[in-house]
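Remarks on the structure that follows.
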Amino acid sequence: MIDEDLPTARERAHRWEKLRERRAVIAGLVREARQGLEAVDIWDPEQVAVEEARLAAYRMLLAEVDRELAEVGPARDIYEELLAREERRLALSADPRGAELLEIGRLLAELDVELPAWEGARAAGVAVLRGDEVMGEFVRKVQALGMTVEAGVEGTDAVQDLVERLGERCHELERLRHRLRTRREEVLLA
């Protein structure tokens, strides 16, 4: 049984997210330090020592963040579980927030289907531009989205324009999903 309330779980989940972001940055620094060490001339012991010290410092920071993540535990999962429980409770009650949550859930479910289709079409277009995929697959994916592709349009500029439009649409859908999730959280925490 999860004993936390939503505001406490939210704080822990946000802490977990910040720690994950921090970990990603530090892991990148560790990779850079490792590459720096590999690039140093082994005949320069002073530079080797500097690079080894830098790598050791970043590894210590990474270990510290990993310890903090272990302390926070599965905070994000617990928070999502609590949100889902509250959402089910409100949806089954006479509370007017339940209807709004059902609509948000419906819209999010539609986005979960629509967004991958747009991303897939965009990825196919990028593959065409790189020469990794044939035009036919890209045309089929674009047409499945209700967009038209002129017959014989195989020019790089035309494909590039479509890829850009697809990318813009993907960004719009991502922003919409973010707004819907934020609104869901606001309704549940109200």
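The values are calculated or read from the model by the stated rules, or taken from the named source; none is laboratory data. Since this is a predicted model, take the numbers as computed values, not measurements. Using ideal geometry, Cβ is built from the backbone for each residue, glycine included, and neighbour counts are taken over all protein chains shown. Areas reflect the complete protein model, heavy atoms only, side chains present, ligands, DNA and RNA absent. Shrake-Rupley method; radii C 1.70, N 1.55, O 1.52, S 1.80 Å.
Tabulated data for the structure shown
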read-out	value
Number of the condition not met by A84 [criteria: (1) within 21 Å of the chain's Cα centre (by Cα); (2) farther than 18 Å from R181 by Cα; (3) aliphatic (A, V, I, L, M)]	(2)
The lone exception for A109 - which of (1) surrounded by 15 or more Cβ atoms within 10 Å (Cβ to Cβ); (2) closer than 30 Å to D5 by Cβ; (3) within 22 Å of the chain's Cα centre (by Cα) it fails	(1)
Residue check, L90 closer than 30 Å to R106 by Cα and in contact (Cβ under 8 Å) with a residue 24 or more places away in the chain	yes
Residues of the range 4-23 classified as open to solvent by less than 70 Å² (accessible area, probe 1.4 Å) and either at pLDDT below 95 or within 22 Å of V187 (Cβ to Cβ) (or both), total	6
Residues located in the range 24-37, provided they are open to solvent by 100 Å² or more (accessible area, probe 1.4 Å) and within 22 Å of the chain's Cα centre (by Cα)	R31
Residue among L162, L173 that is open to solvent by less than 40 Å² (accessible area, probe 1.4 Å), in contact (Cβ under 8 Å) with a residue 60 or more places away in the chain and either under 26 Å from E17 (Cα atoms) or of a type outside the set (F, W, Y) (or both)	L173
Candidate set: the range 38-49, residues that are out of contact with any helix residue (DSSP H, G or I) (no Cβ under 8 Å at 6 or more places or on another chain), open to solvent by less than 80 Å² (accessible area, probe 1.4 Å) and assigned to a helix (DSSP H, G or I); chosen: the one nearest to D66 (Cα to Cα)	A49
